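Encoded as structure tokens, the structure appears first; notes follow it.
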Amino acid sequence: MSSSTEEYLNGLCKEIQQLDNSIRFAGMANSLGSLVATAYRNGVTPLMDEQETSHYAIQAVLRAATREDFESKIGRLVYSIGKYERLIRATIPIPIRYSSNKQDDESKFYYILLSFDLNSNVMDVIENKVMPFIEKNKYQRL
């Protein structure tokens with residue numbers, strides 16, 4: 001991945017993390033589950049180390065990909081939420097146009113991985129802050 005792409009994705013993660021103070025972590029994983037960008041809320045103590053977070057990203061993308069099996073029946077996954085004892089997680093698949101060639105309109109799927117504080121109104125934050133931000137920014141060329 002080029003340094004400009006990496007900078008862009010890290011910037012997106014930081015902007016997403018700053019949309020709401022309840023967002024502890026924002027990460028971006030590629031379609032293989034490799035974590036390509038991250039941002040943590042200032043002052044937050046991560047609950048997992050870097051290797052565990054990378055493993056989580058692979059599992060989250062795999063879970064999202066398995067949901068595609070039922071897409072023809074129930075529609076495309078918009079986002080998924082899981083509540084745990086210590087935090088809440090969300091996975092949001094998004095296409096990002098990754099070519100600077102104007103004739104290449106191909107999109108590449110990335111997955112935004114979020115973690116929230118337990119007392120968060122996660123659906124409100126996702127629906128009213130994160131999704132509008134993604135919609136506004138998902139077709140930026142890299």
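Numbers at a glance
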{"quantity": "Inter-probe distance in nm under a simple model that places probes 7 Å from Cα toward Cβ, at ASP69 and ASP117", "calculated": "3.8"}
{"quantity": "Highest to lowest packing among 46-58, 120-132, scored as the average C-beta count within 10 Å", "calculated": "120-132, 46-58"}
{"quantity": "Percentage, to the nearest whole number, of Cα pairs in region 1-81 over 22 Å apart", "calculated": "32"}
{"quantity": "Estimated inter-spin distance, HIS55 and LYS83, nm [label 7 Å along Cα→Cβ]", "calculated": "2.6"}
{"quantity": "Convex hull of the chain built on C-alpha atoms - directionally averaged projected area, nm²", "calculated": "9.0"}
{"quantity": "Under 17 Å from LYS129, Cα to Cα: lysines that are on another chain or at least 8 residues apart", "calculated": "LYS14, LYS138"}
{"quantity": "Two-site label geometry, PHE109 and SER34: point separation in nm, points 7 Å out along Cα→Cβ", "calculated": "1.8"}
{"quantity": "Separation between Cα centres of region 74-92 and region 23-40, rounded to whole Å", "calculated": "14"}
{"quantity": "Sequence-distant residues sharing a close amide H with TYR110 (under 5 Å, placed H)", "calculated": "ILE94, ILE96"}
{"quantity": "Extension gain (nm, one decimal) between SER4 and ASP124, 0.36 nm per residue minus Cα-Cα", "calculated": "40.0 nm"}
{"quantity": "Whole-Hz ³J(HN,Hα) from phi, Karplus 6.51 cos²θ - 1.76 cosθ + 1.60, for region 34-48, glycine and proline x", "calculated": "6, 6, 10, 7, 8, 8, 10, 5, 4, x, 6, 9, x, 7, 10"}
{"quantity": "For region 116-122, Karplus couplings with θ = phi - 60° (6.51, -1.76, 1.60), whole Hz, Gly/Pro x", "calculated": "10, 5, 4, 7, 7, 8, 4"}
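Since every read-out is calculated from the coordinates, none of them should be taken as a lab result. Remember, it's a predicted structure, so these values are computed and weren't measured experimentally. Glycine also receives a Cβ, built like all others from the backbone with ideal geometry; neighbour counts cover every protein chain displayed.
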